[in-house]
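Heads up, the thing below is written out as structure tokens.
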Amino acid sequence: MVLEQTITWHLACNTEDIPADGGACALIEGEQVAIYNFARRGEWYATQNLCPHRQQMALSRGMIGSTGAEAEPKVACPFHKKTFSLKSGECLSGDDYVIKTYPVKVENGQVFIGME
Amino acid sequence: MKKKIVVVGNGMVGYKFCEKLIAKDIAKNFEIIVFGEEIRPAYDRVHLSEYFAGKTVEDLTMAPSSWYAENNINLILSDPIVDIDRDAKTVRSHHGIVEGYDYLVMATGSGAFVPPIPGVEKDGVFVYRTIEDLDLMQNHAKKATKGAVIGGGLLGLEAAKALLDLGLKEVHVIEFASRLMPRQIDEAGSRVLQTKLETLGLQIHLNKNTQEIVGDGIIEAMQFADGSRLDVDMLVISAGIKPRDEVARVAGLEVGIRGGIVVDNALQTSDPNIFAIGECALAHHMIYGLVAPGYEMAEVVATKIVGGEKEFMPFDMSTKLKLIGVDVASFGDAFIEEPNAQTIVFENSAKGIYKRINISNDGKYLLGGVLVGDAEQYNMLLQNTKNKTILPPDPEDLMLGARGGSEGGASGVMALPDEALICSCEAVTKGAICHEIVENKVTTLDGIKKCTKAGTGCGGCVPMVKDLINETMKSQGVFVRNILCEHFDYTRQELFDLVKIKGYKTYNEVLDNLGKGDGCEVCKPAVASIIASLWNEMILEKGNATVQDSNDRFLANIQKNGTYSVVPRIPGGEITPEKLIVIGQVALKYNLYTKITGGQRIDLFGAHVSDLPEIWEELVNAGFESGHAYGKSLRTVKSCVGSTWCRFGVQDAVSFAIEVEERYRGLRSPHKLKSAVSGCTRECAEAQSKDFGIIATEKGWNLYVCGNGGVKPRHAELLATDIDSETCLKYIDRFLMFYIKTAEPLTRTAPWLDKMEGGINYLKSVVIDDVLGMGETWDAEMNLLVEAYKCEWKEVVDNPELRKRFTHFVNAPKVKDPNAKFEPMREMVKAAEWK
């Protein structure tokens with residue numbers, strides 16, 4: 001059996017709206033989505049904006065970076081520095097949280113977020 | 001079928017039993033039902049007096065009701081067990097609930113022993129056991145001025161402390177015996193403790209036998225057997241404890257002559273299906289009135305019930321506590337004396353310190369001792385006693401600390417055997433802690449607390465745990481160099497020099513040339529701070545905005561609900577009425593909560609990120625500038641009003657504070673910097689608690705450095721005396737440049753000085769005598785930084801591109817974060833409580 005997944009791409013913003021090597025938040029379909037412009041690596045990521053630790057809408061204001069031999073991309077919440085993988089959404093600082101991640105597509109200077 | 005365990009009593013030990021049983025009952029074979037007499041779940045009775053010092057019931061609660069629910073424990077409160085039917089194996093509660101059991105665990109604790117003195121029933125006479133007792137005392141204390149406590153033991157002195165905390169003007173301690181704390185400390189120690197407590201405001205009466213409590217319905221005075229009388233309007237009876245064995249007694253269980261449910265080494269009562277633990281149990285012919293043996297009893301019974309083997313052995317009753325700020329400790333055999341042992345005694349009555357150790361006649365082993373006034377060596381002495389460590393040739397060093405020798409205190413920790421019990425509340429050995437450090441790489445105190453529970457009880461072993469972590473890591477060769485993080489193989493100081501020599505001005509330049517990977521939340525702000533300290537350029541330009549911590553990125557302090565606070569600079573705390581009005585108008589317009597800060601300025605809370613540029617536009621137009629409350633930089637220079645108005649002032653403190661604040665405003669440093677200027681020696685500006693503090697003298701200024709409020713308060717040390725304003729600024733310039741260049745990230749000046757070889761004398765030689773020959777260079781560098789200062793908020797307000805970054809939603813700049821919630825508080829708002 002083939003599982004069919006339909007992803008809808010939503011226009012979030014223009015590429016210059018997200019600062020290089022940082023993030024910003026967009027409101028899409030009523031959800032707060034944190035979008036990260038990982039300019040050093042030419043990569044884009046998106047996650048939920050809510051930090052699950054203290055339920056604060058803050059991840060888009062966090063610092064991004066990488067960790068480990070595989071250079072796992074990550075974001076640190078500005079409140080208590082809980083860190084999360086931008087790829088898997090897993091918490092990297094020892095807690096059991098997992099945050100939602102979204103696919104990102106950049107076309108003609110515009111940033112699109114994929115939602116199921 | 002699950003086996004049913006009924007726990008009678010929900011105090012500290014009853015709770016601990018539940019916790020331990022759940023941890024051991026992996027197969028979930030047991031069902032637990034707890035009956036408690038009090039209205040709330042178990043709380044920390046050991047720290048009960050902190051209730052009056054500001055702790056809340058929640059702070060003291062061992063675990064909230066939800067914990068019991070999550071672990072499937074049926075917790076029934078306000079409903080004590082009144083009857084046990086041992087044949088039917090059931091219990092009946094006060095409200096008539098009948099519950100069957102396979103095992104019954106009695107954890108009923110103890111009550112206050114109230115001697116039969118005529119008049120004890122009068123109003124204003126209290127016992128000191130439960131939070132309800134405390135609430136009653138608190139109410140009564142509002143109209144009381146003179147209080148007394150019957151009982152000069154451990155609990156009595158705790159109660160006396162509570163009366164002091166309640167604000168009573170006179171507090172008396174009445175003791176029947178000839179000295180204080182007769183069970184823990186010896187005669188000489190009691191004497192020193194008494195003198196010390198008297199200087200702290202307690203009035204102590206020994207050899208006093210209370211004959212009657214006098215008063216018409218309400219206490220007015222105490223009448224003693226020797227004919228004397230003491231007028232009081234409040235009395236706490238704390239003359240000892242009485243095991244709560246009444247239900248057990250009625251059920252026919254064996255009890256001791258002076259009370260207590262008799263148990264064997266397995267803590268089984270005369271009925272093998274019934275156990276007793278904690279202060280209601282009479283084990284080895286005694287009542288163990290401390291929490292650590294109670295926890296050990298909980299461990300023994302929990303182990304036994306799940307099928308393991310463990311016995312309760314006679315328990316070490318060593319204790320260390322702080323009574324009204326005075327350390328008191330006794331360990332091992334505290335009272336043994338010649339000819340059975342040799343004793344070494346040290347007494348400094350001026351300082352209120354008494355120390356005694358008892359050593360074996362052959363001089364090899366430590367047997368026990370007493371410490372009053374300074375118990376810093378308690379942990380090591382206790383370990384040496386318990387582990388029968390062979391003593392050094394001069395055993396008094398153990399009690400007095402190494403004097404001038406090269407031996408550090410921490411090396412002692414490593415000399416202990418693996419089985420040494422570090423945390424006696426949770427029974428954690430040195431070996432268990434070291435295992436976590438070495439094998440599982442747990443190298444933080446929080447980590448050790450989490451995986452071993454060490455340090456989570458009374459907390460007394462925390463310094464030892466820290467030493468263990470540091471010393472074990474050193475012995476493993478870990479962290480030999482204090483490198484910044486995984487992306488930079490340099491210390492902050494090395495990085496500072498490299499960035500300066502190469503002239504790098506952006507984070508990416510530094511990372512590309514000196515580091516590896518993509519950076520992280522540790523190195524980004526550290527490098528950003530170095531760049532800012534070196535060049536003092538606008539921190540949001542050249543792509544450096546996203547390497548700042550959130551507070552620096554948005555030039556405001558992030559608060560609990562994701563909104564920010566706004567702090568305009570108010571140099572020296574001086575402000576015109578016009579500016580006060582502007583602050584009020586801005587706060588009204590943007591619905592901000594306003595509060596005077598500890599640094600003599602005004603904080604405006606609850607600003608949405610998108611409102612920040614407009615708020616600041618209004619403030620900047622009115623002549624305000626950024627207060628840098630968000631930055632690792634100079635915060636405020638507090639001042640007292642000084643000689644311009646004050647009749648005591650000898651110098652113009654406000655004018656000098658303004659000059660100092662305006663000189664160093666915006667200066668980025670490894671951590672925040674605070675300062676103050678006092679106009680005379682009365683020190684109203686509290687300059688001696690600041691990173692650099694200035695106190696006026698008849699001839700000029702005294703300059704103090706490296707003080708700290710914060711987590712670990714520290715008095716500042718005197719750097720220079722009677723200097724003029726110009727010299728004072730020059731010394732501060734050099735002091736700050738030396739600090740900025742050499743301190744580790746996020747290290748305040750106080751710990752920086754603590755780690756400096758040679759301490760304050762070396763610092764003086766660098767700043768005043770210029771032994772490094774850097775003086776002129778630093779003077780010039782500081783002048784450049786001072787000249788380069790610009791208000792960061794003015795630059796944002798004037799720059800449309802920077803302003804655009806201050807939105808919550810990039811695709812809906814006008815929409816505010818709907819999750820930023822507020823709750824009303826008095827006439828203003830506060831951030832909604834987080835979960």
(message) Using a 10 angstrom Cβ neighbour count of at most 10 plus a DSSP loop assignment to flag exposed GluC sites (Glu not before Pro), which longest range of chain B is free of such sites?
(response) B:440-697
(message) Out of all DSSP beta bridges in the protein assembly as shown, what portion is antiparallel? Express it as a percent rounded to 5.
(response) 70 percent
(message) Tell me the net charge near B:M825. Cut-off is 12 Å between Cβ atoms, B:M825 excluded, with +1 for each Lys or Arg and -1 for each Asp or Glu.
(response) 0
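With the cut-off at 1.5 for a/c, could you classify the protein assembly as shown from its C-alpha gyration tensor as rounded, prolate or oblate?
Prolate, because a/c is 1.5 or more and a/b exceeds b/c.
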(request) With N denoting the number of residues in segment B:1-127, provide Rg(C-alpha) divided by 2.2 N^0.38 Å, to two decimal places. (result) 1.21
(request) Towards the positive end of the charge dipole of the protein assembly as shown, with charges on Cβ (+1 Lys, Arg; -1 Asp, Glu), say which of B:I26, B:T546, B:P800 has the farthest Cα. (result) B:P800
(message) Could you work out how much longer the chain between B:K500 and B:E787 gets when fully extended? Use 0.36 nm per residue separation minus the Cα distance between them, nm to one decimal.
(response) 101.5 nm
(request) Please label the shape of chain B as rounded, prolate or oblate, based on the square roots a ≥ b ≥ c of the eigenvalues of the alpha-carbon gyration tensor (a/c under 1.5 means rounded; beyond that, a/b larger than b/c means prolate, else oblate). (result) prolate
(request) Could you tell me the distance between the Cα centroids of segment B:502-546 and segment B:51-69, to the nearest Å? (result) 45 Å
(message) Please give me the summed charge of the neighbours of A:E70: other residues whose Cβ is under 15 Å from its Cβ, Lys and Arg +1, Asp and Glu -1.
(response) -1
(message) Students often forget the sequence filter, so: which aspartates and glutamates lie under 13 Å Cα-Cα from B:K821 once same-chain residues fewer than 8 apart are removed?
(response) B:E833
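If the only charges are +1 at each Lys and Arg Cβ and -1 at each Asp and Glu Cβ, what is the size of the charge dipole of the protein assembly as shown around the Cα centre, to the nearest 20 debye?
Details: 104 positive and 129 negative charges, 146 e Å.
Its charge dipole is roughly 700 debye.
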(request) Using 0.36 nm per residue of separation minus the Cα-Cα distance, give me the extension gain between B:M313 and B:E50 in nm, one decimal. (result) 91.5 nm
(request) Enumerate by residue number the chymotrypsin sites (Phe, Trp or Tyr not before Pro) in segment A:1-90 meeting two conditions: DSSP loop (anything except H, G, I, E, B), and at most 10 other Cβ atoms within 10 Å of the site's Cβ. (result) none
(request) Round to the nearest 0.05 the FRET efficiency obtained for A:Q110 and B:N621 when R0 = 35 Å and r is the Cβ-Cβ distance. (result) 0.40
(message) Quick check: pseudo-label points 7 Å beyond the Cα along Cα→Cβ at B:L588 and B:D83, how many nm apart are they?
(response) 7.0 nm
(request) Label segment A:19-115 by shape, choosing from rounded, prolate and oblate, from the square roots a ≥ b ≥ c of the eigenvalues of the Cα gyration tensor; if a/c is under 1.5 it is rounded, and otherwise prolate applies when a/b is larger than b/c, oblate when it is not. (result) oblate
(message) Modelling each spin label as a point 7 Å along the Cα-to-Cβ direction, I'd like the B:I257/A:E43 distance in nm, to one decimal.
(response) 7.8 nm
(message) Taking R0 as 35 Å, what FRET efficiency do you get between B:D489 and A:Q55 from their Cβ-Cβ distance, rounded to the nearest 0.05?
(response) 0.40
(request) May I ask which of B:K28/B:K304; B:K632/B:K816; B:K143/B:K208; B:K579/B:K794; B:K2/B:K89; B:K364/B:K386 have a Cα-Cα span longer than 20 Å here? (result) B:K632/B:K816; B:K143/B:K208
(request) Return the subset of B:K320/B:K351; B:K196/B:K320; B:K320/B:K690 for which the Cα-Cα distance in this structure is over 25 Å, preserving the input order. (result) B:K320/B:K690
(request) Could you compute the FRET efficiency for B:K388 and B:S178, with r as their C-beta to C-beta distance and R0 at 25 Å, rounded to 0.05? (result) 0.15
(request) Measure nothing fancy, just the Cα-based angle from helix B:577-589's long axis to the longest principal axis of chain B, in degrees from 0 to 90, nearest 10. (result) 70 degrees
(message) How far apart, in nanometres, would the label points at B:Q211 and B:K351 be if each is projected 7 angstrom from Cα along the Cα-to-Cβ direction?
(response) 4.5 nm
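Tally up the carbon and sulfur contribution to the accessible surface of chain B as a whole percent, 1.4 Å probe, everything protein left in place.
51 percent
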(message) About the Cα centre, and with charges only on the beta carbon of Lys, Arg (+1) and Asp, Glu (-1), how big is the dipole of chain B? Nearest 20 debye, please.
(response) 1120 debye
(request) Report the accessible surface area buried between chains B and A, summing both sides, using a 1.4 Å probe on protein heavy atoms only, in Å² rounded to the nearest 100. (result) 3200 Å²
(message) Rounding to the nearest 10 and keeping the result within 0 to 90°, find how far the Cα-based axis of helix B:775-788 lies from the longest principal axis of chain B.
(response) 80 degrees
(request) For B:N361 and B:E198, calculate 0.36 nm times their separation in residues minus their Cα-Cα distance, and state this gained length in nm to one decimal. (result) 55.0 nm
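The values are calculated or read from the model by the stated rules, or taken from the named source; none is laboratory data. Because the structure is a prediction, the values reported are computed rather than measured. Virtual Cβ from ideal backbone geometry, glycine too; neighbours counted across all protein chains shown. Protein only, heavy atoms only, side chains kept; ligands, DNA and RNA dropped before computing areas. Shrake-Rupley method; radii C 1.70, N 1.55, O 1.52, S 1.80 Å.
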